[in-house]
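Just so you know, all these numbers are worked out from the coordinates, no wet-lab data involved. Predicted model, so just to flag it, every value in this text is computed and none were measured. Reconstructed Cβ throughout: ideal geometry from the backbone, glycine too, with neighbour counts over all protein chains shown.
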Ligand SMILES: Nc1nc2c(ncn2[C@@H]2O[C@H](COP(=O)(O)OP(=O)(O)OP(=O)(O)O)[C@@H](O)[C@H]2O)c(=O)[nH]1
Ligand SMILES: [Mg+2]
């Protein structure tokens, strides 16, 4: 990827040079952390970590990369956590469990989404306007979101609406919520169903779920899911399993943990 290529939207806020973050005093966790599931994203990491908002911390969850992603992320100041079990959900959940901040965000690590757009999403949670904010992917470059992947996503949001009443335009991977609330959801999916299970359980628990548009550009590096039929099929199967699962209420938000 060309690191100078503009990827964020107009509302992108100031971003850090180093992704290390902190609370400004050197003590205690930062106010927000961004969990970045990472499987062979060496090409995208410099841009992604350069877009982490100032004062926040990036948690790169290395999921068995063989292209030096973990070393690159560490050199760029991110906290690197290792999750040897493959799976998008395994990586995301390990990042969530490793986090310590009040607010936790998720963002893909492939350069398709801009972490600099996360602060307004966190602000909505902080203000109480929403409990979970999901970024609705709006493709801004050709090839960012292949037709079959969009069709699968549209089918999933219809099923989500039937199952929960929640109207979303996308089961987007870019999110923001309170860490404690997310942990209380007790998410069990460790593969592609993780983002959907998060929304389903949040809805079942009575969370207010908001959606904001986020630009979506073609990923850097090799496509692993939406660009392949096998990956798409696995994702659809995982999501169906989530929607067929039992209704589990997570209890009130912010239970002590
Ligand atoms: N596919 C996949 N991605 C993983 C895994 N572990 C971590 N990831 C990361 O999860 C994020 C989302 O995965 P992507 O491969 O971008 O999935 P996608 O956006 O649906 O599809 P493509 O971008 O077309 O590959 C990326 O940052 C991956 O590096 C895993 O086991 N499988
Ligand atoms: Mg991607």
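Observations
- The label-point distance for residue 82 and residue 229, in a model that sets each label 7 Å from Cα toward Cβ, rounds to 3.7 nm.
- Expected-Rg normalisation [2.2 N^0.38 Å, Cα atoms] applied to the range 92-218: 1.00
- Distance between the modelled labels on residue 100 and residue 161, one decimal in nanometres: 4.3 nm (7 Å Cα→Cβ projection).
- By the count of neighbouring beta-carbon atoms within 10 Å, fewest first, 179, 162, 237, 150 end up ordered 162, 237, 150, 179.
- Inter-part distance, the range 188-211 to the range 124-143, computed on C-alpha centroids, equals 14 Å.
- Here each label is just a point 7 Å from Cα along the line to Cβ, and for residue 244 and residue 136 those points are 3.0 nm apart.
- Length gained on full extension, residue 213 to residue 126, computed as 0.36 nm times the residue gap minus the Cα-Cα distance: 29.4 nm.
- Taking every alpha-carbon pair in the range 32-244 and binning the separations at 5 Å intervals from zero gives 1, 8, 16, 21, 23, 18, 10, 3, 0, 0 percent.
- Maximal additional length on extending the residue 66-residue 188 stretch stands at 41.3 nm, based on 0.36 nm per residue less the C-alpha distance.
- Among 236, 122, a tally of other beta-carbon atoms within 10 Å of each Cβ gives an order, fewest to most, of 236, 122.
- Ranked list, fewest to most other Cβ atoms within 10 Å of each Cβ, for 170, 213: 213, 170
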